[in-house]
Amino acid sequence: MLSRVADSLYWIGRYAERTQANAHILYAQLEYTLESNHKDLMYEKESLIVPTICGYIEDYQMRYPQNTLEDMVHYLIYDRDNFNSLIATITSVRMNARNTRDCLPNELWEEWNDLYLDIQEGAYPETFALLNTTNFLTHIRKTALTATGVIDSLMTRDMGYKFLKIGKWLERSEKTALILHHLLEIEGQLEPDRAIRLGLQLTNTAEEYAYRSRVLTVDSVLNFLISDVKCSRSVAYGLYKIRDTVYDIEQGLTNQNVENMYRALDELIALTNVDMATLTLAEQKQRVKDIRQNCTDFGPILAQAYYLTPPILAV
Amino acid sequence: MWKLYESGVFYDEMLDGSKPKKHYQTFYQQLQSFSEQQLYDKHHAAQSSFLRQGITFTVYGAEGGTERTMPFDFIPIIIPENTWKMIESGMKQRVKALNHFLQDVYHAQDIVKAGIVPKALIENNPYYYQQVVGTNIPLQNHIFLAGIDLIRDENGKYCVLEDNLRNPSGMSYVYQNRYVMRKIYPEFFDDYAIERLEGQLQHLQEALLSHRPINMPVDEEVHAVLLTAGIYNSAYYDHVFLAKHLNIPLVEGRDLVVKENVVYLKTILGLKRVDVIYRRIDDDFLDPVYFREDSMLGVPHLLDAYNKGNVAILNAIGNGVADDKAMYQYVPEMIRFYLKEEPIIDNVKTYLLEDDATREWVLTHLAELVVKNVGASGGYDMLIGPHSTEEERQIFYEKIVESPHQYIAQPTIKLSRAPAFQNGHFYPCHVDLRVFVMSGEDIYVLPGGLSRVALKEGSLVVNSSQGGGGKDTWIVKGVGEHA
C-alpha cells in the first residue's frame, strides 16, 4: 500500500473517531447544562472541561473570553480556525476520503459527503438554537456510526482497513487518556463522584460500566477505562488492537523504525498494565499523565515506521 | 401530451419535423406517460445523485476552485447498431493511422520525406519533443486511450471535429450517465436492446497491461499505476474511477521515485517497482529535470527510465504533435499514406492560415467561420463567427495576423441537435460525441461514448467547463435508422 494512501486512511480513522467522540461529548454536556443554573459556581468550574478535552483551551480562552454556552458551541462546532471543530474534522475526513476514493467503498464516501453537503447547503445554521444544535450533533453521530458500519461490513480486511482502524484505536485511546487526565487534575474541585461519573459519561461507557460493576470508585473506574480489555473504549483495548494489527502488517519483517515502534508500543501497554487501587492519588495522576503523553508521542513514531506524510487538513 | 419542437434546418438526433425517428419511437411513447412534476423530480434526483457520489469537476475562477457537477440530461443519444459499426470502423482506422504517424515522426519521418506533412509543422510544434526522438516504446503503441470528438452536419453525416491523444477525459461519465439513467429512468429501457458497458473496462485493463516495458522479462507480472495531479485536478473523479476499475493504485508524483533508471512506488513496506504508468498529467509536468523545472507534479528522472525502456508511459510522451488542430488537417492523408485506405469518417474542412491567399480569404470571412487556437482546448481562445461581435472579430483578426500558424479556421457547421429537458421544458441543443478508443495488442472502441450537449440555448460549446452537460449514449440493436 502507498504510504500516502495509508497516511490518509489513518487520518480518516482518527478524524472520524474524533468527530464522533466530540459530538458525543458536546451532546452530553448540552443535556447536562439544561438542568444547571448558569449562576451556579459548579457550572462555572465545569464549563471549561469540554473545551479543554475537545479543543485548545488557551486558544479558546483568548478568542472567547466570555465563555458563554453559545461561545463554546460555536468554537467546538463551527469555528474553522479551530482544527478540532466538528466542521473542521468533518471536512478533513471528506478531504482525506476524496484522496483515497479508489481504496474506499463508495458508500463510505457518500456517507461523509452527504453530511458535508448538508452543512455546505446551510442545513445547520451557525446561529445558536439548542434544538438545531442537538439535531446537528445527532446527525453527525449517526453519520459516524453508519460510516463505521460501512467499514466493517463492506471493506476487505486489507492494508487500507488496517490503517483506518489503527487511526481509530489510537485516537480513542488517546481521547480516553486525555479525559481521565483532565478530570483527575480537577477532581478535587468538583462535587464528590462527579469526576468519575463524568469520565464514564464523556467516554460513553456509563451504561457498559453499570452493567459490569455495581461499585463506583475512582480506582474501579480508572481500571475500567485504562486497563480493562473488555471495555472497547479503554486505553489498553485500543493499544492491544494496534499491536495485533502492526504485527499482522509486518509479518515478521522488520527494520529500525519498526523496532522503535514495537518498543514504544510495548512501553505504552506496560504503563496501562497496572492496578490503580495500588497507587496513591498523586501516583495515579502521574501515571495517567504519562499514558496520555506516550499516546500523543506514538503517532509520529508510527508515521516514521510506515513513511507516512502529513495529513490533509480542512481548508 | 408532450410536444417537443420542430427540428427545422438542423439535423436532429430524435426528430424529423416534430415526429420521432424510428429508433426513438419507443422512447417517445414512454416519455408521454410522465407528467411535468415527475420529470422535474427525476431531474432533481439525477443531479443530486452526481453530487452525492462526488462526481464533480473543479472549475477555477475568481473565487478559487469550486466543485461542480456536469449537468445531466436524460434524453439519450440513440445510435442504431449499423451506424455504430461504421463509426467503430472509422475510429479504429483513424487511431491506427495516427499511431503510425506518431511512430514515424519520432523515427524515420517517412511521411515528411514523402512530402505529405511539412517538416516545419512538426518541428515548430510545441508538443514535438526532441527528448523522445528515437525512443523505443512497448508495442510501438503511442495511443493507449484516445478520445475522438465527432459531430454531425446538417445532413446527419458524421465528421471528426478533434482528436484527443494526450489525456482524454470523460470515460467515467459514460459509466455514470448510464448508472444514473438506469437508476432514475429505468422505464425508458423497456423494449430496447442496448450494448452493455459492463466488461468493457476489461479491454482497457488488458490494453494497459500489454504495454510491458522493453527491458522487462516476459515471465514477470506487470505492475501499473495511474498518475494523477491530485484531488484538485478538474478530472480527478475520472482518475479515481479508472484506477478503481483498472485495479491499479492511484498515485501522485510524490509517491514515485526513480533510482538507477527504474521507477519505484513508495509503500509502507518500502519501495516497489513500477512498470507501467498510465499518466493523467501533461508531458510538460512529467519530469522537472527534462521538462518544466517548476513542475511539482512530476517525478525527477522519469524520462531516463522511459528512454532506457524500464517503464512504459501511457499515452506516450509527445502525442500532442498528432492531435493539434493544425495537424488534424493531414489525418485523412495519414490514413491514405499508412493504411492505403480511404477515410471512413471525414474531417471538417479546415483552413491553415500560413498561406497568404487562404489567410486573406479567412480574414475577410471571419463572420462566417469558426477560428480556433491550435494548442487550446476546452472551448477556449475560439471565435464563433456568426455569434461574435465586431470587436471580438477585430481581436481575432489581429491575433491571426500576428501568429498565423497558431490558428486555424473552419466553416460554421450546422451542428446536429437533440432535445434537452431543463427547467421544465424541452428545447433543442447542439450535441457532439466523444468516442473512446483503447489500444494495446488489440484495438477496441467503447460502445457509445460520451454525448456532450451545449445546454445553453443556441450555444455551440459543449465543454463542461463552459456550461455543457452530458447524455447517455445507447447503441441499440434491431432498429433501423430513419434519417
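Values quoted throughout were computed directly from the atomic coordinates according to the rules given, and no laboratory measurement underlies them. None of the values given here were measured: they were computed from a predicted structure. Backbone-built Cβ (ideal geometry, glycine too); neighbour counts: all protein chains shown.
Local charge sum around residue A:218 (other residues, Cβ-Cβ under 10 Å, Lys/Arg +1, Asp/Glu -1)? Once all neighbours under 10 Å are counted, the net charge is -3.
Using the Karplus relation 6.51 cos²θ - 1.76 cosθ + 1.60 with θ = phi - 60°, the per-residue 3J(HN,Hα) values for region B:291-297 come to 10, 6, 6, 8, 5, 9, 9 Hz, with x marking Gly and Pro. Spacing of the modelled spin labels on residue B:187 and residue B:206, each 7 Å from Cα toward Cβ, amounts to 4.0 nm. Exposure proxy ranking for B:472, B:190, based on other Cβ atoms within 10 angstrom of each Cβ and starting from the fewest, stands as B:190, B:472. A full extension of the chain between residue B:155 and residue B:271 corresponds to an added length of 36.0 nm, given 0.36 nm per residue minus the alpha carbon distance. For residue B:251, the residues 5 or more places off, or on other chains, whose built amide H falls under 5 Å of its own are B:226, B:227, B:228. Our coupling estimate for region B:326-337, obtained by passing each phi through the Karplus curve with A = 6.51, B = -1.76, C = 1.60 and θ = phi - 60°, is 7, 5, 3, 4, 8, 4, x, 5, 4, 4, 5, 5 Hz, Gly and Pro reported as x.
Shielding of peptide B:256-266 by partners, expressed as the average count of other chain Cβ atoms within 10 Å per residue Cβ, is 1. Packing here is the average count of other Cβ atoms within 10 Å per residue, and on that basis the peptides B:80-88, A:62-70, B:198-206, highest first, run B:80-88, B:198-206, A:62-70. For residue B:325, the shell of other residues with beta-carbons less than 10 Å away shows a net charge of -3, using +1 for Lys and Arg and -1 for Asp and Glu.
Is the shape of region B:81-226 rounded, prolate or oblate, going by the alpha carbon gyration tensor and its root eigenvalues a ≥ b ≥ c, with a/c under 1.5 for rounded and a/b larger than b/c for prolate? Note, shape of region B:81-226 comes out oblate. In terms of surrounding Cβ atoms within a 10 Å radius of their Cβ, B:311, B:321, B:276 rank from fewest to most as B:321, B:276, B:311. With all pairs of different C-alpha atoms in the average, the Kirkwood value for the hydrodynamic radius of chain B is 23.6 Å.
Give me the inter-chain shielding for A:116-125: mean count of other chain Cβ atoms within 10 Å, whole number please.
Working: counts 1, 5, 0, 0, 1, 1, 0, 0, 0, 0.
The mean count of partner-chain Cβ atoms within 10 Å per residue comes to 1.
Classify region A:157-307 as rounded, prolate or oblate, taking a ≥ b ≥ c as the square roots of the eigenvalues of its Cα gyration tensor: rounded when a/c is under 1.5, otherwise prolate if a/b is larger than b/c and oblate if not. Because a/c hits 1.5 or more and a/b exceeds b/c, region A:157-307 counts as prolate.
Exposure proxy for B:254, B:359, B:417: other Cβ atoms within 10 Å of each Cβ, ordered fewest to most, give B:254, B:359, B:417.
A Cβ-based charge dipole, computed about the Cα centre of chain A with Lys and Arg at +1 and Asp and Glu at -1, lands at about 480 debye. In this structure, the amide hydrogen of residue B:346, modeled 1.01 Å from its nitrogen in the peptide plane, lies closer than 5 angstrom to those of B:160, counting only residues at least 5 positions away or on a different chain.
For chain B, adding -39500 (n - 2.57) for each run of n ≥ 4 DSSP H residues and dividing by the number of residues yields -8000 deg cm²/dmol at 222 nm. Its DSSP H runs of at least 4 residues, each contributing -39,500 (n - 2.57), put the calculated 222 nm mean residue ellipticity of chain A at -23000 deg cm²/dmol, to the nearest 500. Using the Karplus relation 6.51 cos²θ - 1.76 cosθ + 1.60 with θ = phi - 60°, the per-residue 3J(HN,Hα) values for region B:91-103 come to 5, 4, 4, 5, 5, 4, 5, 5, 5, 4, 4, 5, 4 Hz, with x marking Gly and Pro. For the segment B:268-276, counting C-beta atoms of other chains within 10 Å of every residue's C-beta and taking the mean gives 4. Can you tell me how the protein assembly as shown classifies by the Cα gyration tensor, rounded, prolate or oblate, using a/c under 1.5 as the rounded cut? Prolate shape, in that a/c is at least 1.5 and a/b is the bigger ratio. Amide H contacts under 5 Å for residue B:7: B:17, B:18, restricted to partners 5 or more places along the chain or on a different chain, H placed in the peptide plane at 1.01 Å from N.
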